[in-house]
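Asks: Right, I'll just put the structure down here and ask away after.
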Amino acid sequence: MESDSSTLAQTLELIQQEKASLSSKLLEMRTCVTKVGEEINAKLQEQQDWVNSHKISRKLGEHVLVKDRIGEQTGETVQKCGLCLITAL
């Protein structure tokens, strides 16, 4: 009976050590997953910002084409400076 008790105590100690080890590994994995998630979110935000800025640029480009066509029809000239438009009469 005493040897059974000793074996059970050793088994319990091993189980507790394994639990502590697994808890530590789980915490490391959570930290890693959180970090990766934050990095992915940051990259996604950068991509969304890039897409949105290019949508604006494309719309401005379309606006320039319309102004050019209107300018050609009315005799106005359109000067383009970066993203700025200056209409000269």
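The values are calculated or read from the model by the stated rules, or taken from the named source; none is laboratory data. All values derive from a computational prediction rather than experimental measurement. Cβ placement follows ideal geometry from the backbone for every residue including glycine, while neighbour counts extend to all protein chains displayed.
Asks: Mind listing just one residue for me: the one in the range 30-62 that is over 8 Å from the mean Cα position of the chain (by Cα) and among the hydrophobic types (A, V, I, L, M, F, W, C) and, of those, modelled with the lowest pLDDT?
Replies: Residue satisfying both the conditions and the ranking: Leu60.
Asks: Is there any pair linking a residue in the range 1-29 that is modelled with pLDDT of 95 or more to one that is charged (D, E, K, R), with Cβ under 9 Å and at least six apart or on different chains, and which?
Replies: Partner pairs satisfying both residue conditions: none exist.
Asks: List pairs: first residue in the range 32-60 and touching a residue at least 24 places away in the same chain (Cβ under 8 Å), second residue part of a helix (DSSP H, G or I) and hydrophobic (A, V, I, L, M, F, W, C) anywhere in the structure, Cβ distance under 6 angstrom, at least six positions apart or on different chains.
Replies: Matching pairs, first to second residue: none at all.
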